[in-house]
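Heads up: the structure comes next, in structure tokens.
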Ligand SMILES: [Zn+2]
């Protein structure tokens, strides 16, 4: 795994992959209130939208699900890290409430 580009004045989560990796971190830490995750999930409305707090930009981010496909309203794109995070989050919820770990 290589972290190649570091062109940020925007969110550090500027790729789908970055969002996926951040989700893994979030999932592993969500029960421990860890401080080292970049994303906080503030609200989740099934199949509608999710509100995240991105610590790298200190702002709320809204990802809307359009026909099941997430779209980041904040970045105005469908391939930023927030979308990657939201895809994983939705899969996690769709898998129902059973604990994975
Ligand atoms: Zn975004």
For segment 24-42, which residues satisfy the criterion of being surrounded by 12 or more Cβ atoms within 10 Å (Cβ to Cβ) and over 12 Å from residue 85 (Cβ atoms)? 28, 29, 30, 42
Options 46, 54, 78, 94; residue that is surrounded by fewer than 21 Cβ atoms within 10 Å (Cβ to Cβ) and within 13 Å of the ligand (Cβ to nearest atom): 78
Pairs, first closer than 19 Å to residue 93 by Cα and modelled with pLDDT under 95 in segment 42-70, second in a loop (DSSP other than H, G, I, E, B) and within 14 Å of the ligand (Cβ to nearest atom), C-beta under 9 Å, six or more apart: 49/73; 66/78; 69/78; 70/78
Given (1) at pLDDT 95 or above; (2) out of contact with any strand residue (DSSP E or B) (no Cβ under 8 Å at 6 or more places or on another chain), where does residue 97 come up short, assuming only one miss? (1)
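The values are calculated or read from the model by the stated rules, or taken from the named source; none is laboratory data. Since this is a predicted model, take the numbers as computed values, not measurements. Don't worry about glycine lacking a Cβ; one is built from the backbone with ideal geometry, like all the others, and counts go over all protein chains shown.
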